[in-house]
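Take a look at the structure below.
The values are calculated or read from the model by the stated rules, or taken from the named source; none is laboratory data. Only a predicted model underlies this, so the values are computations on that prediction, with no experimental measurement involved. All Cβ positions, even for glycine, are placed from backbone atoms using ideal geometry, and neighbour counts span all protein chains on display.
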Amino acid sequence: MTIITNPRGNGGDSDAKMANLASTGTPYTAPVESILYKYRAHLQEELDKVDANIGKGLMLRQPRSLYEEGKRSSTLLKVKTIHDEEAQFMDHDPCKSTNYGRLEALTLETPDGRQFSCGTGLTDTDQDNPPTIWSLVTYHYTEPMDNSYPRFPICIAERTDLD
């Protein structure tokens, strides 16, 4: 769905573009009101509302910035809830290509038995000296998928303070 933010306040050409997009009448486009965030807790409250409605996050736009079509904008930022958990490091997947023999990904297992591969977030040091097998590793993810596995897991660090 395309979300049209504040079609009545960005100024000039942006107003016309937003009004045109909002008037297409498709089920994939809807105008939404812009909210000015005054403090961090207010932003978190709104993000919690979006998460409760199975939303994917908030889009923050610099006030009075213009709509930029077809490219990344330096005035637009997506904010999503990031979850973190610990899982046991079960095995490592070695690289099979240019970095042959180095660690490519960790195989992690959650306390409820889900196993998955986590390769993002590994530093060069991690790749040369992987965590100890059976150790706990903290990872972040954006949301659980329909099968309850973590979406986009990122390895953060080995937990040396826990058994």
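Report whether or not His140 is modelled with pLDDT of 90 or more and touching a Phe, Trp or Tyr at 6+ places or on another chain (Cβ under 8 Å).
Working: modelled with pLDDT of 90 or more: yes; touching a Phe, Trp or Tyr at 6+ places or on another chain (Cβ under 8 Å): no.
When the stated conditions are applied, His140 does not pass them.
For segment 38-62: of the residues being among the polar types (S, T, N, Q) and surrounded by 11 or more Cβ atoms within 10 Å (Cβ to Cβ), which is farthest from Val79 (Cα to Cα)?
As a first pass, look at segment 38-62 and keep what is among the polar types (S, T, N, Q): 44, 53, 62.
Then keep just the ones that are surrounded by 11 or more Cβ atoms within 10 Å (Cβ to Cβ); that gives 44, 62.
Values: Gln44: 10, Gln62: 13 Å.
So, considering only residues that are among the polar types (S, T, N, Q) and surrounded by 11 or more Cβ atoms within 10 Å (Cβ to Cβ), the one farthest from Val79 (Cα to Cα) is Gln62.
Number of residues in segment 137-163 that are more than 23 Å from Lys56 (Cα to Cα) and touching a residue at least 60 places away in the same chain (Cβ under 8 Å) equals 3. Going by the structure shown, is Ile156 at pLDDT 90 or above, in contact with a strand residue (DSSP E or B) (Cβ under 9 Å, 6 or more places away or on another chain) and within 30 Å of Lys38 (Cα to Cα)? No: the conditions fail for Ile156. Among all positions in segment 89-99, there is at least one residue which is touching a strand residue (DSSP E or B) at 6+ places or on another chain (Cβ under 6 Å), surrounded by fewer than 17 Cβ atoms within 10 Å (Cβ to Cβ) and modelled with pLDDT of 90 or more. The set of residues in segment 112-137 being touching a Lys or Arg at 6+ places or on another chain (Cβ under 6 Å) and modelled with pLDDT of 90 or more consists of Leu136 alone. For Leu122, the conditions (1) within 21 Å of the chain's Cα centre (by Cα); (2) in a loop (DSSP other than H, G, I, E, B); (3) within 30 Å of Ala41 (Cβ to Cβ) are fulfilled apart from (3). Of the residues making up segment 139-153, just one is over 14 Å from Thr110 (Cβ atoms) and polar (S, T, N, Q), namely Thr142.
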